[in-house]
1. State, to one decimal in nm², a quarter of the convex hull surface area for the C-alpha atoms of the stretch 1-106, i.e. the direction-averaged projected area.
2. Any chance you could look up the accessible area of Phe29 with a 1.4 Å probe, heavy atoms only, rounded to 10 Å²?
3. Using mean Cβ contacts within 10 Å as the protection proxy, how do 156-166, 111-121 order, highest first?
4. Can you give the local net charge around Gln109? Use residues other than it whose beta-carbon is closer than 13 angstrom to its beta-carbon, Lys and Arg +1, Asp and Glu -1.
5. Can you list residues whose amide H is under 5 Å from Met62's amide H, if they're 5+ apart or on another chain and H is modeled 1.01 Å from N?
6. Is the stretch 165-213 rounded, prolate or oblate when judged by the Cα gyration tensor, a ≥ b ≥ c being the square roots of its eigenvalues, rounded requiring a/c under 1.5 and prolate requiring a/b larger than b/c?
7. Can you tally the net charge around Ile178? Count Lys and Arg as +1, Asp and Glu as -1, for every other residue whose Cβ sits under 11 Å from the Cβ of Ile178.
8. Can you list residues whose amide H is under 5 Å from Gly102's amide H, if they're 5+ apart or on another chain and H is modeled 1.01 Å from N?
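The values are calculated or read from the model by the stated rules, or taken from the named source; none is laboratory data. As the structure is a computational prediction, the values presented were derived from the model and not from experiment. Positions of Cβ are generated from backbone atoms using ideal geometry, with glycine treated the same way; all protein chains shown enter the neighbour counts. In case anyone asks, the SASA skips ligands and DNA or RNA and just uses the protein heavy atoms, side chains included. Shrake-Rupley method; radii C 1.70, N 1.55, O 1.52, S 1.80 Å.
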Amino acid sequence: MQPFRILIVDDHAHAREGIRDILEEYEDFIIVGEGTNGQEAIELTEKLMPDIVLMDIGMPVMDGLEATKQIKLQFPYVKIVVITVSDDITDLFDALKKGAQGYLLKNLQSEVWYDYLRAFALDEVPMSKEIAFQILKEFPQETSITKPDTPLSVRELEVLQLVAKGLSNRDISAQLFISEHTVKSHLKNILSKLHLENRVQLTSYAFQNGLMN
């Protein structure tokens, strides 16, 4: 497997250095560039085409939230993880509304960063039930409540429900006695049928449509 290409965007040199030190310990990641503000984040994303952008929020010229919004409009396939010192849940919601798909605190241990980013890169980051409920309150219109073109199978419905409960691919695999590869295949099919993009939207869809048991 090719290493995941990472772009670090933070206006503090020490913060960028700390993140670089964490990620350079692991062969799964390669740092392709660094930026100091949101405008640079957009320009470097276009130039370098990273798999993941690690985006600080409070930066000069253009903040990380606006940069996230613009990057997702231009490059929807690029994944963005907001990095911050704040554990205020409203920051998470603001980031999600702008299109970010993940959220990391700068003071977490390096192994936590590694586990999260690797799972994030592989689309395996679970969504907790508490976060799901908050998402529903914060932006209830984000997910379309329409019937899928092709009905979900019984197994796909089971996978969807477990995703909404916050289980990772590995946990779902163990609970349903199927391989992680099969779980990923089911998730791909579910997302395609429901015209959704990620686990956040899947979780909201399940709650909004009364699919939780």
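1. Averaged projected area of the stretch 1-106's Cα convex hull equals 6.0 nm².
2. Spelled out: Phe29, probe radius 1.4 Å, area about 20 Å².
3. The densest-packed peptide leads the list: 156-166, 111-121.
4. Counting the neighbours of Gln109, the net charge comes to -3.
5. Residues meeting the criterion, in which the H sits 1.01 Å from N, are Gly38, Gln39.
6. Here the stretch 165-213 falls in the oblate category.
7. Details: positive: Arg155, Lys184; negative: Glu158, Glu180.
Net charge around Ile178: 0.
8. Ile80, Val82
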